[in-house]
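Only one structure is covered here, and it is reproduced in the block below.
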Amino acid sequence: MSTPPHDHNPGQDMPPRDNPEAQQPSSGQVPTDGQAAPYGYQNAQPSGYSYPGNMSQVSVTEKGPAPKEVERAFWLIIAAGVLSFISSVIGALSVSAQGPAGGVGTALTLVFAAVATGIYILLAIFIRKGHNWARITATVLAVLSILSYLFGLLSLSMLEGSDLLQGQELVTPGPVETVIGILVLLLGVAGVVMTYLKPARPYFQKQIVPGQF
């Protein structure tokens, strides 16, 4: 007795294969947790996450009103500049009184006096605004002024007791110029010292506050 033929489909007995194309998410599909992100897709970071390349931003705040020590320093340096110009004008007039040959010297003296006074005023203005470089520059100039004054006194005392002049008259500043020169030195040094007092020192530091990410 013969068995009836059965319709046999070879594909029915084979286990289903995994379809790789079906398992891959589409370009607009976001992978779930635990799955690798295909095609270089990066999972969205949670709110507040900071990337390693982002640094905390800082901002510099504007300075408040200048302390009274800085205001005093401003006016002391201004006064030193004005007196320095007056002293230079007196010296230029005394040179011009010597004859026509002193005209060029007078002009040069006035030019240098105007430049020096402008430097005094500029440093005073920037010191009043709290710029530390102006304070440092004024400090260097004050130290140089002290050294120059001491060197001038030493040189004058050495020339008075020596034979280097060979009968020539030693030209020295008059009493008015001497007094004004001492006042210029004292006012300039006092103005610089005012900027280094404890209440004035924070004014010359940058006011930095942390910013937000």
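The values are calculated or read from the model by the stated rules, or taken from the named source; none is laboratory data. Here the structure is a predicted model, which means the values were calculated and not measured. Methodologically, a virtual Cβ is constructed for each residue, glycine included, from the backbone with ideal geometry; neighbour enumeration extends over all protein chains shown. We work out accessible area using only protein heavy atoms, side chains counted, and drop any ligands, DNA or RNA first. Shrake-Rupley method; radii C 1.70, N 1.55, O 1.52, S 1.80 Å.
Assorted remarks:
- Calculated FRET efficiency for the pair Ala114/Val193, C-beta based, R₀ 41 Å, to 0.05: 0.95
- Exposure check, 1.4 Å probe, all protein chains in place: Lys63 carries approximately 70 Å² of accessible surface.
- Order by protection proxy (mean Cβ within 10 Å, highest first), peptides 69-82, 145-158, 188-201: 69-82, 188-201, 145-158
- Accessible area per residue was computed with a 1.4 Å probe on protein heavy atoms; Val104 scores about 100 Å².
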